[in-house]
Amino acid sequence: MYIGGNDKASKATMIKFLLIVNKQGHPRILKYFDSLPNGRDESVRAQETEVIKKCLTVSDKECSFFDYTTFKIVFRTYGNMCFILAVDDDENELAVLEFIHNIVETFDKYFEKVTEHKIMFNLDRVHMILDEMILNGRIIESSKVQILAPVQLLDQVSRR
Amino acid sequence: MQRFQKWSTLFAEAETMDRSYMADELRPARRRDRFMARVKLRKRMPAPKRLRDLIREIRAARTAADERAVVQKECADIRNMFREEDATYRCRNLAKLLYIHMLGYPAHFGQLECLKLVASPRFTDKRIGYLGAMLLLDERQDVHLLVTNSLKNDLNHQTQYVVSLALCTLGEICSTEMSRDLAGEIEKLLKTSNAYIKKKAALCAVRIIRKVPDLMEMFIPAARSLLNEKNHGVLLTAVCLILEMCELSPDTLNHFRKMVPQLVRILKNLIMAGYSPEHDVCGVSDPFLQVKILRLLRVLGRHDPEASEAMNDILAQVATNTETSKNVGNAILYETCLTIMDIQSESGLRVLAVNILGRFLLNNDKNIRYVALNTLLKVVQADYNAVQRHRSTIVECLKDPDVSLKKRSMELCFALINVNNIRSLVKELLTFLDKCDPEFKADCSSNLVLAAERHSPNKRWHIDTVLKVLVSAGNYCRDDLVSTTIQLIQETTSLHVYTTQCLVRAVRLDTVQQPLVQVCCWCIGEYGDQLVAGTCSEEEPLELSEDDVLDMLEKIIISSVSSAVTKGYALTAVVKLSTRFHNTIPRIRKLLSIFGCHTDIELQQRSVEYSSMFKMPDSIRTGLLEPMPLLEKTNIDAAMTNGDSTAVEEDDFVVKDEPRVDSVTKNAESQSILDLLSSPSAPPPKPEPTSKSAGSDLLDLLGDVDLSAGAAPLPVTGIMPMPATNLLDGVTAPPTQVLNSQPSNNVTSFPAVTAFEKSGLKIVFAFEKPDPQSPQLTITLTATNSNMAQLDSFVFQAAVPKSFHLQLMSPSGALLPPNNSGCVTQLIKIDNPQKQPLRMRLRLNYTMNGTPVTEQAEVNNFPAQLWQ
């Protein structure tokens, strides 16, 4: 009996994609870690829309995970922003939730109180931070200090 | 974004990232050249919009069409700039394009620009170029192969940040070809002393072995030595790499089983070592690493007693020492439970794990309750007793406001039902069924009925439960529930009146629930006489007169809420009552004629046919409307397994989806009524010009019965008949030569049975047995034709349940002369070693006036003496 792992070697990545959207459903950050067989075509975009809609309409009483086709969606809302991660269906949901929190805390530390505005207008920095945290759909690092070190170095230099 | 566009910052940025790197970029002369070039360019075309401004503009767009217009204009500008080979603003343009891509617009035309930026020596260009490559390139395009060379160069770059950029990109877009080209580089990077590089290289290696498993071998030593690192990031990624290898190859899995003690040590250090601020989350040190190690332990310990044994202690330690007040601690506990349940752990540990999950159910956090229910659902079969202990908590979760939690706790409750707890659990589930959302009702009701059937303490409770399910689930319950309920009621002979009374009570309160009303109608039809006679021994029997009962049926018949099927049930009930009630016959006839010209053809036909039964002698009607014979349980089961969920009873009332025969008007009818014609002396009903189709699911039933095709008929009177074909391939009965073509009309011991009568074609069975106890039975079939036209190519085929053996002899001919002026006879030999009740399905083919006709029917009215 397998309850956690799956023997089938079908899991290319742990995290399929990351979506950061605002309450209106506009994407602010979108990153796929799984290569899409047909690129980001109509069906993929329709799927994004559906996931976003579902995440934004879930009430407080319901839990933060749901199964969607072959994977699982874990999401968490912070103020005006909703962070959505699609993960393998045998992933530890609670740990993924914790990881979302880790992302938000890292953003918070970098931007000194993260807002939708800051994410939107600093796309490259946000991507840089994410690249320090996730690679190939897996977590690289969870220490905020180490994640932010290269980014802050770059900022220092730019400011001078 | 605009800050990249400032020259000074651009250079300064590159400078500090690595002073020696790109030193030439900083030379003032170069700088001046570039500046001049830019001035020249500006004269030719204005500076492009900044990303910041583009975002503002897009946000300001009122409608989707406005937004599209803005984006299209910008895309056109960007394309132009790309075409101009403008290097100055390439970075800015690509950044804008990435934003546009995120919004869902096509951005593939930026792919080549990514490559140009990546090849640039400047850090900023590279950074944006690689970001673009990650987002825009994928394995489908050949373009991505062009990036391989740049990647190779950058992986060997002396600046760690450039190497890191290349590694990140490789981790996202690496294809099979790239894997082969760059695996060596990655393996080298895994051995560097730089942790920042190593952790990323490890994840690139994961991607590479996923793409090309053959390359795994070269990474094994490096992966093993990575576990000796202190750096958390490196450990985390090393565990990922090993997990991947273990999943890909069982040999490697075996190899890494030796590492269990080392993994246990790492985990122990994590728990025991004091506060490490960098990776601390709410007082738990590096939960992500803990979770990953636990997961790897699970893979290593699965199916391996030795490895499982080595990790028992640490799992117990994690399970008992982890802080549970925060989500993060529970995440680790959850992972621990998964590992404990999956490896070959000690029974005490398993109970501990189930108890942790049970405690989760009491947590305020719905997410934690969710994972607990999910996991319990997976382990309930293996750890039944341990889970059973948390029954009351699970039942509480039925009341959870979250739908997915409700669903899972419902499933779990059904998994937990056994003989001992059925009363209390079913009570809770019935309350749940009553209040739950419609989406649950079908599942819940079906499962309740199943559970009641499996574990019910007594018949009365069983019936009560099923009736409650019918009341609560109402129209949401599945179709088969009606027939299974009827079957159950019929079997429970001692409770017929009680059940009918309960049903009548329930329907008086609520006539909207169609399945309930249908079952009620059936019961009234069958047991109406007992209902009125007041033979019920219950405490508060319903006092019902014949008129009361008919009032009720009338209400159902004329109600606009009733579906056509329900009305059909009610009509049949009324006609059945005509032999059970004595004082209200005129009213019954009036009720029956209500639908004489109903738009629903089924109802109309029923109404007309039932009415016409009063024109026949009473004895026929009495025979037709006899109580339904008890249905054999096994038959139902067989039918069910065949996917034939409409159990046999339904055939008697509702004939659905008949295959239409030719273009003749569809004339559906309750074939059993005619099949039941047990008096061979009765005059045949008026020949109808229409051809009718019969048994709705003959083919379903044929699935579980032997089938013997009629032997090739002998040519008679110069007509060459078609040889009979088998209904089912692979099931054959050898055609036998004619043994006896003489009909033996009068058999003394058994009454003859009219097996089929339709469209002027009548088939009568006569029976013969060598002695009353013998399992062998010979049936002589006599077919006659009362039409004006003769029937040609007459072929008779029959099928019986599996326990029988059927042999069809050759018929006496294939031609039926008109006006009963002749007959065809055929012998059927049946062996019934198990003395089962005999049933038979018929298939008749013939040609009338040149039109081929196929008829199907079921014969259920064999006299019981035949097998007793």
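Among the criteria (1) open to solvent by less than 10 Å² (accessible area, probe 1.4 Å); (2) in contact (Cβ under 8 Å) with a residue 40 or more places away in the chain, the one B:CYS337 does not fulfil is (2). Can you name every residue in segment A:137-157 that is within 9 Å of another protein chain (Cβ to nearest Cβ), open to solvent by less than 10 Å² (accessible area, probe 1.4 Å) and part of a helix (DSSP H, G or I)? Residues satisfying the conditions are A:PRO150, A:LEU154, A:VAL157. Whenever a residue of segment B:841-868 is at positive phi, its partners that are open to solvent by less than 40 Å² (accessible area, probe 1.4 Å) and aliphatic (A, V, I, L, M), lying with C-beta atoms within less than 8 angstrom and at least six residues away or across chains, give the pairs B:ASN849/B:ALA789. Among the residues of segment A:86-96, is any modelled with pLDDT under 90, over 18 Å from B:THR237 (Cα atoms) and open to solvent by 10 Å² or more (accessible area, probe 1.4 Å)? Yes, segment A:86-96 contains a residue that is modelled with pLDDT under 90, over 18 Å from B:THR237 (Cα atoms) and open to solvent by 10 Å² or more (accessible area, probe 1.4 Å).
None of B:VAL512, B:VAL519 is open to solvent by 40 Å² or more (accessible area, probe 1.4 Å) and closer than 25 Å to B:GLY474 by Cβ except B:VAL512. Scanning segment B:293-333 for residues that are more than 21 Å from B:SER347 (Cβ to Cβ), charged (D, E, K, R) and more than 8 Å from chain A (Cβ to nearest Cβ) yields B:GLU323, B:LYS326.
Out of all the residues in segment A:69-85, which are at the interface with chain B (Cβ under 10 Å from one of its Cβ atoms) and open to solvent by less than 50 Å² (accessible area, probe 1.4 Å)?
Selection gives A:VAL74 alone.
Can you tell me which of B:MET848, B:MET840, B:MET809 is of a type in the set (A, V, I, L, M) and open to solvent by 10 Å² or more (accessible area, probe 1.4 Å)? Let's see the steps before the verdict.
Working: B:MET840 fails: open to solvent by 10 Å² or more (accessible area, probe 1.4 Å); B:MET809 fails: open to solvent by 10 Å² or more (accessible area, probe 1.4 Å).
Step by step, each of B:MET848, B:MET840, B:MET809 is checked, and only B:MET848 is of a type in the set (A, V, I, L, M) and open to solvent by 10 Å² or more (accessible area, probe 1.4 Å).
Picking from residues in segment A:19-68 that are hydroxyl-bearing (Ser, Thr, Tyr) and within 16 Å of B:SER404 (Cβ to Cβ), the one that is nearest to the other protein chains (Cβ to nearest Cβ) is A:SER64.
If you take the residues of segment B:812-837 that are touching a strand residue (DSSP E or B) at 6+ places or on another chain (Cβ under 6 Å) and among the small types (Gly, Ala, Ser), which of them is most open to solvent (accessible area, probe 1.4 Å)? Ranking the qualifying residues of segment B:812-837, first place goes to B:SER812. In segment A:105-136, which residues are modelled with pLDDT under 90, open to solvent by less than 10 Å² (accessible area, probe 1.4 Å) and more than 7 Å from every other protein chain (Cβ to nearest Cβ)? Result: no residue meets the conditions.
Only residues that are assigned to a helix (DSSP H, G or I) and within 33 Å of the chain's Cα centre (by Cα): list them for segment B:508-522, please.
B:GLN514, B:PRO515, B:LEU516, B:VAL517, B:GLN518, B:VAL519, B:CYS520, B:CYS521, B:TRP522
A:ASP131 fulfils the conditions (1) touching a Cys at 6+ places or on another chain (Cβ under 8 Å); (2) over 17 Å from B:CYS168 (Cα atoms) except for a single criterion, (2). The residues of segment B:100-139 that are surrounded by fewer than 22 Cβ atoms within 10 Å (Cβ to Cβ) and aromatic (Phe, Trp, Tyr), listed by number, are B:TYR105, B:PHE109. Once segment B:144-175 is narrowed to residues that are under 25 Å from B:THR88 (Cα atoms) and open to solvent by 30 Å² or more (accessible area, probe 1.4 Å), the residue that is nearest to the other protein chains (Cβ to nearest Cβ) is B:TYR161.
Can we say B:GLY348 is more than 8 Å from every other protein chain (Cβ to nearest Cβ) and free of Cβ contacts under 8 Å to residues at least 24 places away in the same chain? The answer is yes for B:GLY348. Filtering segment B:309-336 to residues that are closer than 22 Å to B:GLU396 by Cα and modelled with pLDDT of 90 or more leaves B:ASN330, B:TYR334.
The values are calculated or read from the model by the stated rules, or taken from the named source; none is laboratory data. Bear in mind that the values here come from a model prediction, so they are computed numbers and not experimental data. Please note: Cβ atoms are built from the backbone with ideal geometry, for glycine as well, and neighbour counts cover all protein chains shown. Ligands, DNA and RNA are excluded from the accessible area calculation, which covers all protein heavy atoms including side chains. Shrake-Rupley method; radii C 1.70, N 1.55, O 1.52, S 1.80 Å.
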